[in-house]
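Visitor: This is the structure I have questions about; it appears just below.
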Amino acid sequence: MNKEEFVALYEKFLDGKCTAEEIDTLQSHHDEEIPFTGDDLLSDPSDTDRLYHILKDKIRNSIPDQQAFVLRGRFKLLKIAAVILVIISAAISFMVLQKPAADRKAVHVVKNKGSKIIPGGNKAYLTTADGSVITLDGLKNGRISLQNGIEVNKINDGLIRYNKAAVVANNGDAVDYHTITIPRGGQYQLVLSDGTKVWMNSASTLKYPVSFAKNERIVRLTGEAYFEVAKDKAKPFKVSVDDLDVKVLGTHFNVMAYKDENAIRTTLLEGSVQLSTGNRQVMLKPGQQGMLSYGATSIDVRGVDAEEAVAWKEGYFVFDNEDIHTIMKRIARWYDVEVVFPQNFKRANFGGTVSRFKDVAQVLKSLELTGSVHFQIKERRIIVMP
C-alpha cells in the first residue's frame, strides 16, 4: 500500500465506512509509509516528542464535528486510538532504524519456525437437555433443534437464536436447559428465547433455560459475557455467578468471572443492576463497576470507563495501565496459548489499544516497543522475558 492509498483508507476509517477487513489491513501496515506531508518531516529523527505531537494533531484535526462524532458512539474513540497506536509504533520503529546499528537494541519477538499463532474466532459447543453435544463452528445455518415449542437456529457463523415456534402449555416446574461452552480461542453470540442478546468471550460457559418459565429468568455464567437484556417487568433477569447474583429488568452490562482472576467484576453500561451476595446488596449506575473479590463478603463499587470493559466484544484489547500478568491472561485465553513467566519476574504495567484479530506476534511486538518486556514463542508457548 502506497502513501496515497494509506491516506485514503485512513480517511475512510475516520468516516466510519471501513469494513472489518479494511480496518485490519490499515492496522497491519506497520512498515508502510506514514501519512506525513512534506512539512511534517523532522530534521532530527530522534525528536520523538515533536513527532508524537504531529501525529496527535493530525488525528485531532481529522475528527469531524464533535457533536456528530459523539453521536456515532464512543467506540470510535477506541478505533482511532488503535490507529494512533499503529502509526506511533511504526514511527518509533522508523526512529530505531535511523540509529546506527551499534546504538540500537532490536525490538522483535523471537519465534521458532512454524510458530505463527492466529487469533481466536467463532467457536462453541452446545449441550442440549438430553446431553447431546453439538459443535457449532462448521455447522450449516438452519434449525439445530426444536424443544418444547422453542426452535433453535444457527443464523450465521457465530450466532444462534431461540425462537418460539409454537405455544406450549407449561404444566409444572420442569424446565429444559441448554449450555453453551466457549473454548479458549473462541467467542460466540446467542439470542435467548425472551430476546435477550448475549456475547460470550473465550473460556466461558452459560447455562440457561430453553424457555423461561414462571416469573423469573435465571442464567448461570462462568467466564465472561456481555448482556443486552430484553425488558420484562413481570420477569426480572438474573445472572448467577458463584456467590454473586446480578439482577436486572432490562439493561446492558458485562460480567467477568474467570476463576484465575482475583474478583468478579460487573460493569454497567445502561440501565441499573442490583448486585447481591449473602445478605449484602448494592445498586450500580451506568459507568460503575461492582467488584466482589473471591472469598470476600462485601462488594466494592467504583467509577470506570464502561466502554473499555466491553472492548473485547468490538474486537480490541484495551490495556489501561494494567499489570503484565493480567494482560497475558487475556492474551492466553484468546489465542489459546500457554504463558510462562520466569521466577521473580519484575512486574510492569502497560496501556494501549490493540486489535484482537492480529497474529499474536504483532500484539506482543506492540508491548515490546516499551522496552520493558520481551517475548519468545515456542510452538504454542509464550515465554515472557525482561
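Visitor: Per residue, how many Å² of accessible area does the range 233-284 show with a 1.4 Å probe?
Guide: With all protein chains present, the range 233-284 gives 44 Å² per residue.
Visitor: Suppose R0 equals 22 Å; then what is the FRET efficiency for VAL340 and LYS259 from their Cβ-Cβ distance, rounded to the nearest 0.05?
Guide: 0.65
Visitor: State in Å² the accessible area per residue of the range 320-364; use a 1.4 Å probe, count heavy atoms of protein chains only, and round to the nearest integer.
Guide: Accessible area per residue: 45 Å².
Visitor: Right, something else. If you consider only alpha-carbon coordinates, what radius of gyration and Dmax does the range 271-328 have, in Å?
Guide: In order Rg, Dmax, the Cα atoms of the range 271-328 give 13.5, 37 Å.
Visitor: Further, regarding this structure: Using the Kirkwood formula over every pair of different C-alpha atoms, what hydrodynamic radius in Å results for the range 346-385?
Guide: It is 11.0 Å.
Visitor: Past the 29 Å Cα-Cα mark, which pairs from LYS140/LYS214; LYS140/LYS197; LYS207/LYS235?
Guide: On the way: LYS140/LYS214 34 Å; LYS140/LYS197 21 Å; LYS207/LYS235 18 Å.
In this structure, LYS140/LYS214 exceed 29 Å between Cα atoms.
Visitor: How would MET283, MET291 rank on accessible area, largest to smallest, probe 1.4 Å?
Guide: MET283, MET291
Visitor: Taking N as the number of residues in the range 156-279, what value does Rg over Cα atoms divided by 2.2 N^0.38 Å take?
Guide: On the way: Rg = 14.3 Å, N = 124, 2.2 N^0.38 = 13.7 Å.
My calculation over the Cα atoms of the range 156-279 gives 1.04.
Visitor: Which semi-axes, in whole Å and largest first, does the equivalent ellipsoid of the range 241-386 have when worked out from the alpha carbon gyration tensor as the square roots of 5 times its eigenvalues?
Guide: For the range 241-386, the semi-axes come out at 32, 17, 13 Å.
Visitor: Where the accessible area of the range 165-283 is counted over protein heavy atoms with a 1.4 Å probe, how much of it, in %, is carbon and sulfur?
Guide: Summing carbon and sulfur atoms, their accessible area is 45 percent of the total for the range 165-283.
Visitor: With equal scatterers on the alpha carbons only and no solvent term, can you work out the Debye log10 of I(q)/I(0) for the range 210-313 at 0.10, 0.16 1/Å?
Guide: Per q value, in the given order, log10 I(q)/I(0) is -0.24, -0.64.
Visitor: Report the extension gain between GLU379 and GLU308 in nm, rounded to one decimal, defined as 0.36 nm multiplied by the number of residues separating them, less their alpha carbon distance.
Guide: Fully extending the segment from GLU379 to GLU308 adds 22.5 nm.
Visitor: Separate question: How far apart, in nm, are the 7 Å Cα→Cβ label points at LYS116 and LYS233?
Guide: Roughly 5.7 nm, to one decimal.
Visitor: Here is a follow-up. Considering only protein heavy atoms, with the full assembly of protein chains and a 1.4 angstrom probe, order ARG380, ARG161 by accessible area, largest first.
Guide: Solvent-accessible surface, decreasing: ARG380, ARG161.
Visitor: Could you give the length gained by full extension between TYR177 and LYS285, i.e. 0.36 nm per residue of separation minus their alpha carbon distance, to one decimal place?
Guide: 35.8 nm
The values are calculated or read from the model by the stated rules, or taken from the named source; none is laboratory data. Here the structure is a predicted model, which means the values were calculated and not measured. For neighbour counting, all protein chains shown are included, and Cβ atoms are generated from backbone atoms with ideal geometry for every residue, glycine included. The accessibility values were calculated without ligands, DNA or RNA, using every heavy atom of the protein model including side chains. Shrake-Rupley method; radii C 1.70, N 1.55, O 1.52, S 1.80 Å.
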